[in-house]
Amino acid sequence: METLGIIGGMGPMATAYLLELIIQMTDAKTDQEHLNIMVLNNPQVPDRTAYILDQSKASPLPVLHQMAHTLETMGARVLCAPCVTSHYFYRELSEGVSVPFLHMVEETARELQAAGKKKAGILATTGTVKTGLFQTALEKFGLEYALPGEKAQTLTMSLIYDDIKAGRPANMDKFRRASDELFDAGCDSVILGCTELSLVKKDTHLPALGFLDALEVLSKRCVEACGGKLKAEYRQLIS
């Protein structure tokens, strides 16, 4: 099996959850059948959304590039970053290393297409929404999409920053109001397009029906790309 390198710390709990998911999804009966994984958990990476919305802020790219290079030098043969917004820098990061770099956003769109979905709602940071990361990926795979309105996007950002990143329980009223708006707009699926939102699904046991967690998609692809054996129940992540 190939060694996985995780560019982590964005945020720390999401990084820990990715590691948990990879172990959970791997069909292993001994320690030796699990993946070799190296994690650089660096929460000092400058805020991705802050830079995207105001490029006078500190850019996270130099730090991310150094982390990717360090992991490759240490022997990682597959890289990933459990932070959706960081994929704004995907081209520069992937071109700066000589090993495969998993694209969390495109893999999420691929998963929706494989499940036969037609229109996805996007719950993500304002930075991710403004860059069009998911919109571009969904169009590439022939899918329609919908975005939250201004009030619902404000609720989503508050859920991510005021609740989860601040170490508080997720306010499920905010989550329901934002996601219901997308389903009401005709979406047959809603992407949890921020790794902090992945923790909402983990802690509140959201049904697989209609919700696709981008971090779960990344975990699945990590197992597959590194040559691990995927448990049967994770072959389809949304119904």
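The values are calculated or read from the model by the stated rules, or taken from the named source; none is laboratory data. Since the structure is predicted, the reported quantities are computational estimates derived from the model, not experimental observations. Using ideal geometry, Cβ is built from the backbone for each residue, glycine included, and neighbour counts are taken over all protein chains shown. Only protein heavy atoms, including side chains, enter the accessible area calculation; ligands, DNA and RNA are left aside. Shrake-Rupley method; radii C 1.70, N 1.55, O 1.52, S 1.80 Å.
When the stretch 31-53 is filtered for residues that are open to solvent by 60 Å² or more (accessible area, probe 1.4 Å) and without any contact (Cβ under 8 Å) to a residue 24 or more places away in the chain, the ones remaining, listed by number, are Asp31, Gln32.
Suppose the filter is β-branched (Val, Ile, Thr) and out of contact with any Cys (no Cβ under 8 Å at 6 or more places or on another chain); does Val97 pass it?
Yes; evaluated as a whole, the condition is true for this residue.
Among residues of the stretch 196-220 being touching a residue at least 60 places away in the same chain (Cβ under 8 Å), part of a helix (DSSP H, G or I) and in contact with a strand residue (DSSP E or B) (Cβ under 8 Å, 6 or more places away or on another chain), the one that is nearest to Leu123 (Cα to Cα) is Leu197. Taken over the stretch 1-36, residues that are closer than 24 Å to Tyr88 by Cα and in a strand (DSSP E or B) amount to 5. Scanning the stretch 81-95 for residues that are more than 15 Å from Gln135 (Cβ to Cβ) and either assigned to a loop (DSSP other than H, G, I, E, B) or open to solvent by less than 10 Å² (accessible area, probe 1.4 Å) (or both) yields Ala81, Pro82, Cys83, Ser86, Phe89, Leu93. So which residues in the stretch 196-226 are modelled with pLDDT under 95 and either open to solvent by 40 Å² or more (accessible area, probe 1.4 Å) or over 24 Å from Ser86 (Cβ atoms) (or both)? Of everything in the stretch 196-226, those that are modelled with pLDDT under 95 and either open to solvent by 40 Å² or more (accessible area, probe 1.4 Å) or over 24 Å from Ser86 (Cβ atoms) (or both) turn out to be Lys202, Asp203, Thr204, His205, Pro207, Ala208, Leu209, Gly210.
For the stretch 89-96, check the following and say yes or no: at least one residue is in contact with a Ser or Thr (Cβ under 7 Å, 6 or more places away or on another chain) and modelled with pLDDT of 95 or more.
Taking every residue of the stretch 89-96 in turn, none turns out to be in contact with a Ser or Thr (Cβ under 7 Å, 6 or more places away or on another chain) and modelled with pLDDT of 95 or more.
Scanning the stretch 65-80 for residues that are touching a residue at least 40 places away in the same chain (Cβ under 8 Å) and either in a helix (DSSP H, G or I) or touching a helix residue (DSSP H, G or I) at 6+ places or on another chain (Cβ under 7 Å) (or both) returns Met67, Ala68, Leu71, Glu72, Val78, Leu79, Cys80.
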